[in-house]
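Notes to accompany the following structure.
Throughout, read-outs are computed from the coordinates displayed, never taken from laboratory work. Note that the structure is predicted; figures quoted are calculated from it, not measured. Note: ideal-geometry Cβ built from the backbone for every residue, glycine included; neighbour counts use all protein chains shown.
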């Protein structure tokens, strides 16, 4: 089995708050995370070169022969063919940026120490080659549809779906629907004309669900009665979905269980949207959406007309929360109150537009995290606590009320 090592580039700073708590390779884009795509495409197992404060939680495994890969790149069939052709000491480059290389143990250690690898032979990508990469938050929304269709082909190859119960109505080709064992799915309408639908093990889709592909529901998801889910929408394991969703990516274990609209949005892990929370994904004047960037510390042009919400891990919204077009909410922000929220809500913020903002006390946040994660039988570890403290400390400058 190939030893694959995913490395973060400087793009990870533009992918905050999602990458505040994970390497880039743990982002979900389409049905699979970037790591899962690489492992399936190349038949290997991944570890990480990432930020020092994340490295204990996501350790690196180095062997005598290693294939290092740019974690933010989507591994298409064409790209993987090129990667499989590179030999020891060779590197695949895109305008001088490293995409992949075969390195021995000594070369990996030099790379980690930021030493120059003079003996590395660079091979440029063919002229006009289409490289798909996640460099900004909006790229997840922009590439989600294509990634979902590619992932479906990867997931179903050589496998047979469980049968669909007669109480459901299928519109579109049967081979674009895949159901794993243990799924509960009754009295729902599924449309595969617009894209594939994949429902993973032990997921429950309650009566009256309307699913219009492409859709991915990960292991042990729950879709509430009467939910309206438009593709492309991908929910990782342990998520809860309800109300109306369109072009949403939920990394894992997050809740959007109730009525309300969520569109062109990305949620991290352990997020919760209160009942009747709604987000806007289109400005009233139909103009380009700007999105907060943690690196430039300003709102950047996205090139997107439709862009809704990006929410970091453990963030929460109270009932009836109204979120503007292009809102970024940081890790462990607790958002509530009437009226539209600000377009950027800092990490560990507590409050809303009609109340003075204060800081979510770190010890209280950790207590909440332990309780929330225990509901999914997941332990809140010292690694998790250390990562969250790093985020708490590094984002203090955005909580200006602390000055």
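Remark: the residue 301-residue 146 segment gains 53.6 nm on full extension, using 0.36 nm per residue and subtracting the alpha carbon distance.
Given points 7 Å out from each Cα along the Cα-Cβ axis, report the residue 338 to residue 284 separation in nanometres with one decimal. About 1.9 nm, to one decimal. Calculated on C-alpha atoms, the gyration radius of the range 250-348 divided by its Kirkwood radius gives an Rg/Rh of 0.94. Neighbour counting of Cβ atoms within 10 Å sorts the residues 216, 360, fewest neighbours leading, into 360, 216. Here the sum of -39500 (n - 2.57) over DSSP H runs of 4 or more residues, divided by the residues of the chain, equals -5500 deg cm²/dmol at 222 nm, to the nearest 500. Using label points projected 7 Å from each Cα along Cα→Cβ, tell me how many nm separate residue 275 and residue 112, to one decimal. Calculated label separation equals 5.1 nm.
By DSSP, the beta bridges lying fully in the chain are antiparallel in about 20 percent of cases. Highest mean packing first, where packing is the average number of other Cβ atoms within 10 Å per residue, the peptides 336-342, 102-108 line up as 102-108, 336-342. For the range 123-164, compute Rh as the Kirkwood radius over C-alpha pairs and then the Stokes-Einstein diffusion coefficient at 10 °C and 1.306 mPa s; write the answer in µm²/s, rounded to an integer. Here the translational diffusion coefficient equals 121 µm²/s.
For the range 296-403, what Kirkwood radius comes out of the mean inverse Cα-Cα distance, in Å? Intermediate results must be reported in sequence, preceding the final value.
On the way: mean 1/r = 0.0676 Å⁻¹.
Over the range 296-403, the inverse of the mean reciprocal pair distance is 14.8 Å.
I'd like the distance separating the alpha-carbon centroids of the range 90-166 and the range 245-299, in whole Å. Using only Cα atoms to place each centre, the spacing works out to 26 Å.
Two decimals, Cα atoms only, Kirkwood Rh: what is Rg/Rh over the chain?
On the way: Rg = 21.2 Å, Rh = 21.9 Å.
That ratio equals 0.97.
Taken over the alpha carbons of the range 176-265 as equal point scatterers, the Debye sum produces base-10 log I(q)/I(0) values at 0.12, 0.13, 0.25 Å⁻¹ of -0.27, -0.31, -1.38.
Spacing of the modelled spin labels on residue 97 and residue 162, each 7 Å from Cα toward Cβ, amounts to 4.1 nm. Here the gap between residue 400 and residue 210, fully extended at 0.36 nm per residue and compared with their Cα-Cα distance, gives a gain of 64.0 nm. Remark: the residue 123-residue 45 segment gains 25.7 nm on full extension, using 0.36 nm per residue and subtracting the alpha carbon distance. For the range 2-134, the normalised intensity computed at q = 0.13 Å⁻¹ comes to -0.50 (log10 of I(q)/I(0), Debye sum over alpha carbons, equal scatterers, no solvent).
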